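The structure appears below as structure tokens.
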Amino acid sequence: MIEEKRIVLRNADLIDPEKIEDYLLAGGYQGLEKARSMSSPDLIAEIKKSNLRGRGGAAFNCGLKWSFAPADAPVSYVVCNFDEGEPGTYKDRIIVQKDPQSLLEGMAICGHAVNSKQGYIYCRGEYPYVVDLLNRAIDQARGKGVLGDFDIEVRMGGGAYVCGEETALIESIEGHRGEPRIKPPFPGVAGLWAQPTVVNNVETFTNLPSIVLNGAEWFAAIGAPNYPGTKVLTLTGDVTNRVSIEVPTTATLREVIYDFGGGIKEGKKFKAVQVGGTSGGFIPESLLDTPIDFDSMRGIGATLGTGAVFVMDETRDIVDITTRIAKFFEHESCGKCNPCREGTFRAYEIMKKINQGQASVQDIENLTILSQVMEKACLCGLGQAAPSPILTTLKHFYPEYQARLQLN
Amino acid sequence: MSTIKDIILSYRDKPGGIIEAYHAVQKEYNYLPEETIATAASTFGVSEAQAYGVATFYSYLSVEQRGKYIIRMCESAPCHVAGAEALIKAFEAALGIMAGETTADGKFTLELTECVGQCQATPVITINNVPYLNMSPEQVPAVLALCK
Amino acid sequence: MITLTINGKEVQTPKGSTILEACQQAGIPIPTLCYDPDLRLAGSCRMCLVEIKGRPLYAASCVAPAENGIVVETESPGIVAARKVILELLSARHNFNCQVCEKNGNCKLQDYCYQYGVKESRFNYGEPTNYPINDPNPFFERDYNKCIMCTRCVRACEDISIVRAISVENRGHHAKISTAFDGNLTDSPCVFCGQCVMVCPTGALTSKVSAGLGRSYEVDKVLTTCSYCGTGCTLELNVKDDRVVGVTSNRTDTGSPVNKGALCVKGRFGWDFINSPERLTTPLIKENGEFRKASWDEALDLVAKRLGEIKTEFGADSMAVFTSARVTNEENYIAQKFTRAVLGTNNVDHCARL
Ligand SMILES: Cc1cc2nc3c(=O)[nH]c(=O)nc-3n(C[C@H](O)[C@H](O)[C@H](O)COP(=O)(O)O)c2cc1C
Ligand code: SF4
Ligand code: SF4
Ligand code: SF4
Ligand code: SF4
Ligand code: FES
Ligand code: FES
């Protein structure tokens, strides 16, 4: 049986998150100290070698991303993506609530690597109590002088899922509507206030102190070689234990659901799991032995995404759930680009029609062509991923749709 | 209560601080009264149309007057399967208003929301941003009674 | 130079070009809705999508850089299918009444629906768009049931006119072009320059002054210089049956070197005086408190005679000349020359000094 392995959550429930002294006693800020003894290029090379890949969903090599920021820019920014808008996801909240200093240390390490003096944490508006905690943590870190000349400011989101997309997030920090920008230029070249900007997820940053301290080889040897380390997962839905866990990335979905989640509630049978949040694909029983790492998940047409694991038992109505998810995207589309602004709206209308038992095969065909175009034509990841629950449920659970169709 | 102008001006030196200023106004007034838009526009050097565009983009900001207690009911998929719909109906029945409305006495506003990040304990609501976990329709009267 | 392949043809383009620019240089047409060469790029309508071999996503050619060695297809089956879906999605929110629409014959949505054979939308699910059309300003209609949300109007207002009267409110499908509080333009900083009307690719923004007077394909476009002020903006008089029925913009550098099509409210909307029955068409001479028509010769002789008499009786400094911004620099020069050299006084001034 696979065991939990704690890197990101190494201090969870062992220290008082309100006390920087506890964090220091537990070896806190030694990673930053070591990082500062290294040159920026060496530090970036080390992180690149660890093969740490972004935990915000896109799994881009962290060190490689940093290396795109010009080394000689007079001003640059480190931005932490703490928008955590994917339904079913609460891992970043757990990480920060249990150990906020770890995030600050990780951001300061990144600051040293890319020669930035200013960090921003963009925290979703749903977590005002975590914003307060972070501000207290920053005050303590300033008081102890551990951050040196690196400073961090917390900004609060306003209830817009799209602001988790890194360029929309930057627009939002700048005080604008959270509409994604066109790329290029990428944030690494021209991001916040047109300056080079590195955006990483909370979990990505909180991996850094241990990687620097223990070395790239140590990290690269944990979990799956292509996506090493651990992943913090949040279990929701019909599992017995709705918990958050940190496991090596070699863990399979079955192990996650049955060994950690305690299986399906009330002795019922498994029907489906959606991994990675509401934009993730639905996975049937037959694929449960897939490891959770990014590439394996992609291999089965799903995604690791944020690591949300939403389990549905045999009684759940796939069409109804997919309709609800379609409403989410209709509500969260920023409205900038045509295929998503209009497509998410019409997809929800078609799903409602199917869910109400009033649709024909033609409606499903229309939904399918719309979904296929959205995946390729939308401006940002929101519209590109929105069809994934629809297409994967059509693929794996078509009989449930069929049972709803009007016979004509 | 601080005036809207004072609140907004206190964010003057924060680049891009208009959203922070809006949050601060809402903390005191529960919504963005009309003068907020023009004051914020002139303070942050954007047009009133842009300031209004920002205020109406974010679902946590409201340009409509709202009640003293803002109850947000999560209806994202994990809460949905855990019975969010019945919970929403229970709140609507208890308060005699539909989601999106405010009670006549100005005490409660009901809103639908997407995931608030407490999905370990679905279904979830928040009242003035404080989460209430593992909710059930039976608990609705007790929770409402907490709002004085 | 960058070398890339477009539709099987090798194409060279300067470094820094977009794929769209490379296509334009190679004479390959690409449909665009939100793209406007004078405006900040949006990359949002997705009409200009192209396929780049080996890439999973389609690229919006108006913003995608032309890169060495890429292989681009502009009308592949996938691209055509995507453009059709996009047009159908726009159609599903569009109130088509081309038969009475001011934009008929000069509308990008209509043109592309024709080009891609989009007769009806497969996505007419849910309620149709139903925005009230009630902006009371006298200059142009705002019908957001015909809006395709390309935001060209917003960008023109922000970047050409620098007025920022309009922006986008709400989000998703409910996003709409609006002033603060979605009010009337008359209650906003709008100066009614009509730059938004100029850039709008559909019938969402159309002139009220020209309404019903002629289709875009029925009019001759006559380039002229605006007679309102000395800036000298070029405008296009739309002439039908020898009557001016509208003013539009010529947006080229060569056709409109001073203003590149941008105008002010007077130039764009203030032309109906041309056909006004109250307009003076001959000089008038006042006799016994009544005006009577006169010839130019008679009028000019009278003025010359009276000016001469006044100068003899009261001296040159008893007279002053006040000139107008509505005539050209050259005419203003002649006026001051006339004042000093012929009348013999320095009493000359100009309305632009007010
Ligand atoms: C619609 C959308 C929402 C996203 N939401 C989040 C989010 O809440 N948190 C996050 O870290 N990344 C999110 N991302 C991914 C970010 O754009 C970005 O890739 C990430 O922050 C990079 O950090 P990483 O490399 O450390 O993963 C989102 C992307 C999209 C398209
Ligand atoms: S895909 Fe959706 S969220 Fe992304 S830019 Fe387009 S409209 Fe906005
Ligand atoms: S008429 Fe001119 S000022 Fe008014 S909205 Fe249009 S572009 Fe802006
Ligand atoms: S009014 Fe015209 S220019 Fe403005 S967004 Fe709509 S279609 Fe585009
Ligand atoms: S805007 Fe274009 S497509 Fe729409 S009614 Fe007018 S001419 Fe027809
Ligand atoms: S789904 Fe309701 S709190 Fe996350
Ligand atoms: S023309 Fe390229 S996206 Fe609109």
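Among all positions in the range B:80-103, there is no residue which is within 16 Å of ligand 2 (Cβ to nearest atom) and either in contact with a Gly (Cβ under 6 Å, 6 or more places away or on another chain) or not acidic (Asp, Glu) (or both). For the range C:70-104: of the residues being among the small types (Gly, Ala, Ser) and in contact (Cβ under 8 Å) with a residue 12 or more places away in the chain, which is farthest from ligand 7 (Cβ to nearest atom)? Looking at residues that are among the small types (Gly, Ala, Ser) and in contact (Cβ under 8 Å) with a residue 12 or more places away in the chain, I get C:Ala92. When the range C:44-54 is examined, which residues are found to be more than 23 Å from the chain's Cα centre (by Cα) and at negative phi? Of everything in the range C:44-54, those that are more than 23 Å from the chain's Cα centre (by Cα) and at negative phi turn out to be C:Leu49, C:Val50, C:Glu51, C:Ile52, C:Lys53. Determine whether the range A:219-232 contains at least one residue that is modelled with pLDDT of 95 or more, of a type outside the set (Ser, Thr, Tyr) and farther than 23 Å from A:Thr204 by Cβ. No, because not a single residue in the range A:219-232 is modelled with pLDDT of 95 or more, of a type outside the set (Ser, Thr, Tyr) and farther than 23 Å from A:Thr204 by Cβ.
Matching residues to (1) within 16 Å of ligand 3 (Cβ to nearest atom); (2) touching a Lys or Arg at 6+ places or on another chain (Cβ under 8 Å); (3) under 18 Å from C:Gly261 (Cβ atoms):
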residue: C:Ser178; (1), (2), (3): yes, no, no
residue: C:Gly183; (1), (2), (3): yes, no, no
residue: C:Asp187; (1), (2), (3): yes, no, no
residue: C:Gly194; (1), (2), (3): yes, yes, yes
residue: C:Val219; (1), (2), (3): no, yes, yes
residue: C:Leu223; (1), (2), (3): no, no, yes
residue: C:Cys229; (1), (2), (3): no, yes, yes
residue: C:Leu237; (1), (2), (3): no, yes, yes
residue: C:Asp242; (1), (2), (3): no, no, no
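Take the residues of the range C:261-285 that are without any contact (Cβ under 8 Å) to a residue 24 or more places away in the chain and either in contact with a strand residue (DSSP E or B) (Cβ under 8 Å, 6 or more places away or on another chain) or on the phi > 0 side of the Ramachandran plot (or both): which is surrounded by the fewest Cβ atoms within 10 Å (Cβ to Cβ)? That would be C:Thr282. Being in a loop (DSSP other than H, G, I, E, B), charged (D, E, K, R) and more than 16 Å from ligand 7 (Cβ to nearest atom) holds for only one residue in A:Arg254, A:Arg242, and it is A:Arg242. Output yes when any residue across the range A:137-157 is within 16 Å of ligand 2 (Cβ to nearest atom), touching a helix residue (DSSP H, G or I) at 6+ places or on another chain (Cβ under 6 Å) and assigned to a loop (DSSP other than H, G, I, E, B), and no when none is. Scanning the range A:137-157 turns up at least one residue that is within 16 Å of ligand 2 (Cβ to nearest atom), touching a helix residue (DSSP H, G or I) at 6+ places or on another chain (Cβ under 6 Å) and assigned to a loop (DSSP other than H, G, I, E, B).
Identify, from the list C:Arg251, C:Arg243, the residue that is among the charged types (D, E, K, R), within 16 Å of ligand 4 (Cβ to nearest atom) and within 30 Å of C:Ile133 (Cβ to Cβ). C:Arg251 is the lone residue from the list that is among the charged types (D, E, K, R), within 16 Å of ligand 4 (Cβ to nearest atom) and within 30 Å of C:Ile133 (Cβ to Cβ). Taking the numbered list (1) under 25 Å from the mean Cα position of the chain (by Cα); (2) under 20 Å from A:Gly280 (Cα atoms) in turn, A:Leu370 passes all entries but (1). Note on the range A:135-164: among residues that are away from chain B (no Cβ under 14 Å) and surrounded by 23 or more Cβ atoms within 10 Å (Cβ to Cβ), the one that is farthest from the chain's Cα centre (by Cα) is A:Ala141. Exactly one residue out of A:Cys80, A:Cys123, A:Cys62 is over 27 Å from B:Gly17 (Cα atoms) and either within 17 Å of the chain's Cα centre (by Cα) or acidic (Asp, Glu) (or both), and it is A:Cys62. Considered as a group, the residues in the range C:163-181 that are in a loop (DSSP other than H, G, I, E, B) and more than 16 Å from ligand 1 (Cβ to nearest atom) include one that is surrounded by the fewest Cβ atoms within 10 Å (Cβ to Cβ), and that residue is C:Asn170.
Only residues that are touching a residue at least 24 places away in the same chain (Cβ under 8 Å), within 16 Å of ligand 2 (Cβ to nearest atom) and of a type in the set (Lys, Arg) were counted across the range C:156-191, and they come to 1. Output yes when any residue across the range A:182-194 is within 27 Å of B:Cys119 (Cβ to Cβ) and not aromatic (Phe, Trp, Tyr), and no when none is. No, the range A:182-194 has no match at all.
Taking the criterion of being within 16 Å of ligand 7 (Cβ to nearest atom) and among the aromatic types (Phe, Trp, Tyr), the residues of the range C:105-128 that qualify are C:Tyr112, C:Tyr116.
Looking at A:Met312, A:Met297, just one residue is away from chain C (no Cβ under 11 Å), buried (at least 19 other Cβ atoms within 10 Å of the Cβ) and in a helix (DSSP H, G or I), and that residue is A:Met297. From the list C:Leu41, C:Leu57, the one residue that fits, being without any contact (Cβ under 8 Å) to a residue 12 or more places away in the chain, outside the structural domain of C:Asn250 (by TED's automatic domain parsing) and either within 24 Å of the chain's Cα centre (by Cα) or within 16 Å of ligand 1 (Cβ to nearest atom) (or both), is C:Leu57. A:Asn200 satisfies every condition listed in (1) under 30 Å from C:Ala175 (Cα atoms); (2) in a helix (DSSP H, G or I); (3) within 16 Å of the chain's Cα centre (by Cα); (4) not hydroxyl-bearing (Ser, Thr, Tyr) except (2).
All told, A:Lys98 meets the bar of being at pLDDT 95 or above, surrounded by fewer than 22 Cβ atoms within 10 Å (Cβ to Cβ) and either within 14 Å of chain B (Cβ to nearest Cβ) or on the phi > 0 side of the Ramachandran plot (or both).
One line per residue, one yes/no per condition, for (1) in contact (Cβ under 8 Å) with a residue 24 or more places away in the chain; (2) crowded, with 16+ Cβ neighbours inside 10 Å; (3) within 16 Å of ligand 5 (Cβ to nearest atom):
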{"residue": "A:Phe345", "(1), (2), (3)": "no, yes, no"}
{"residue": "A:Asn355", "(1), (2), (3)": "yes, yes, no"}
{"residue": "A:Leu370", "(1), (2), (3)": "yes, yes, no"}
{"residue": "A:Ala385", "(1), (2), (3)": "yes, yes, no"}
{"residue": "A:Pro389", "(1), (2), (3)": "yes, yes, no"}
{"residue": "A:Thr392", "(1), (2), (3)": "yes, yes, no"}
{"residue": "A:Gln406", "(1), (2), (3)": "yes, no, no"}
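Regarding the range A:97-112, can at least one residue be identified that is assigned to a helix (DSSP H, G or I), among the basic types (Lys, Arg), in the same structural domain as A:Gly63 (by TED's automatic domain parsing) and touching a Pro at 6+ places or on another chain (Cβ under 7 Å)? Taking every residue of the range A:97-112 in turn, at least one turns out to be assigned to a helix (DSSP H, G or I), among the basic types (Lys, Arg), in the same structural domain as A:Gly63 (by TED's automatic domain parsing) and touching a Pro at 6+ places or on another chain (Cβ under 7 Å).
Condition check: within 14 Å of chain A (Cβ to nearest Cβ) and surrounded by 18 or more Cβ atoms within 10 Å (Cβ to Cβ). Does C:Ile160 satisfy that? Answer is no for this residue. For the range C:121-136, a tally of residues being more than 10 Å from chain A (Cβ to nearest Cβ) and either surrounded by 17 or more Cβ atoms within 10 Å (Cβ to Cβ) or of a type in the set (Phe, Trp, Tyr) (or both) returns 2. Listed by position, the helices (runs of 4 or more DSSP H) inside the range A:30-69 whose residues that are closer than 25 Å to A:Gly277 by Cβ and at pLDDT 95 or above number at least 3 are A:62-67. Annotation: of all residues in the range B:74-102 being away from every other protein chain (no Cβ under 13 Å) and in contact with a strand residue (DSSP E or B) (Cβ under 8 Å, 6 or more places away or on another chain), the one that is nearest to ligand 1 (Cβ to nearest atom) is B:Leu87.
The values are calculated or read from the model by the stated rules, or taken from the named source; none is laboratory data. Given the structure is predicted, the values throughout are model-derived calculations rather than measurements. No Cβ is skipped: glycine too gets one built from the backbone with ideal geometry, and neighbour counts run over all protein chains shown.
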